Ligand code: ATP
Ligand code: MG
């Protein structure tokens, strides 16, 4: 089986993430895409919503897609998670799966700074989605380009809009919007 791994802080998850995963699923013929919200992310200050809230929003966002699933592996793990550790664990749990790591162009550009990037490349193929404003860098590790829906959406912008009391409707799925409102997140 071929599966994609779509990791992110998902603080909150938005349609940019969902379109990136859907384009990768379709163009690479993936049987499944596993969404993996981070625990404490290694490359940025802590998320603004708890791991539990980010996990729940991710579940709500993908629930209507038969081939999208969510893993709580990194949220449940103590401390920070590195992609290499996650992939090692996924390989142990599901030795039959060939993994493709789905990355936006900004995440791909940072890959050289990751822990054991060489081992990551042994454990997974790479698919890169061009993100508006971040062209695909040249000379990086081998990767398949996946078309982008060119959605100029970021979680940073969504948090900023919410902090100012503005609507983020149609940037995130309605169920995510409801969860944010119910829990009073990002105010
Ligand atoms: P933040 O602004 O908090 O960094 P973000 O919108 O960048 O949030 P992340 O959780 O950091 O979202 O990103 C997870 C993955 O999704 C990364 O590989 C990132 O490049 C990719 N991604 C995020 N937004 C988009 C988008 N609009 N189009 C394509 N890929 C995206
Ligand atoms: Mg980001």
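For segment 145-181, the tally of residues that are surrounded by 16 or more Cβ atoms within 10 Å (Cβ to Cβ) and within 16 Å of the chain's Cα centre (by Cα) stands at 11. Report yes if some residue within segment 121-133 is within 20 Å of residue 3 (Cα to Cα), more than 9 Å from ligand 1 (Cβ to nearest atom) and without any contact (Cβ under 8 Å) to a residue 24 or more places away in the chain; otherwise report no. Yes, some residue in segment 121-133 is within 20 Å of residue 3 (Cα to Cα), more than 9 Å from ligand 1 (Cβ to nearest atom) and without any contact (Cβ under 8 Å) to a residue 24 or more places away in the chain.
Hey, does segment 112-120 have a residue that's within 14 Å of ligand 2 (Cβ to nearest atom), closer than 13 Å to residue 82 by Cβ and without any contact (Cβ under 8 Å) to a residue 40 or more places away in the chain? Checking segment 112-120: not a single residue is within 14 Å of ligand 2 (Cβ to nearest atom), closer than 13 Å to residue 82 by Cβ and without any contact (Cβ under 8 Å) to a residue 40 or more places away in the chain.
The one condition from (1) within 15 Å of ligand 2 (Cβ to nearest atom); (2) assigned to a helix (DSSP H, G or I); (3) buried (at least 16 other Cβ atoms within 10 Å of the Cβ) that residue 128 does not meet is (2).
Scanning segment 69-82 for residues that are closer than 18 Å to residue 93 by Cβ and touching a residue at least 40 places away in the same chain (Cβ under 8 Å) returns 74, 81, 82.
When you check residue 139 against the structure, is it modelled with pLDDT under 90, exposed (fewer than 13 other Cβ atoms within 10 Å of the Cβ), within 14 Å of ligand 1 (Cβ to nearest atom) and more than 22 Å from residue 26 (Cα to Cα), yes or no? Let's see the steps before the verdict.
Values: modelled with pLDDT under 90: yes; exposed (fewer than 13 other Cβ atoms within 10 Å of the Cβ): yes; within 14 Å of ligand 1 (Cβ to nearest atom): no; more than 22 Å from residue 26 (Cα to Cα): yes.
Against the criterion (modelled with pLDDT under 90, exposed (fewer than 13 other Cβ atoms within 10 Å of the Cβ), within 14 Å of ligand 1 (Cβ to nearest atom) and more than 22 Å from residue 26 (Cα to Cα)), residue 139 does not qualify.
Candidates 155, 148, 167: the one that is more than 18 Å from residue 38 (Cβ to Cβ) and within 16 Å of ligand 2 (Cβ to nearest atom) is 148. Take the conditions (1) surrounded by 11 or more Cβ atoms within 10 Å (Cβ to Cβ); (2) touching a helix residue (DSSP H, G or I) at 6+ places or on another chain (Cβ under 9 Å); (3) closer than 23 Å to residue 62 by Cα; (4) modelled with pLDDT of 95 or more; residue 116 misses just one of them, which is (3). Remark: residue 86 falls outside the filter, which requires a residue to be touching a strand residue (DSSP E or B) at 6+ places or on another chain (Cβ under 7 Å) and within 10 Å of ligand 1 (Cβ to nearest atom).
The values are calculated or read from the model by the stated rules, or taken from the named source; none is laboratory data. As the structure is a prediction and not an experimental result, all values here were calculated from the model. Cβ: placed from backbone, ideal geometry, glycine included. Neighbour counts: every protein chain shown.
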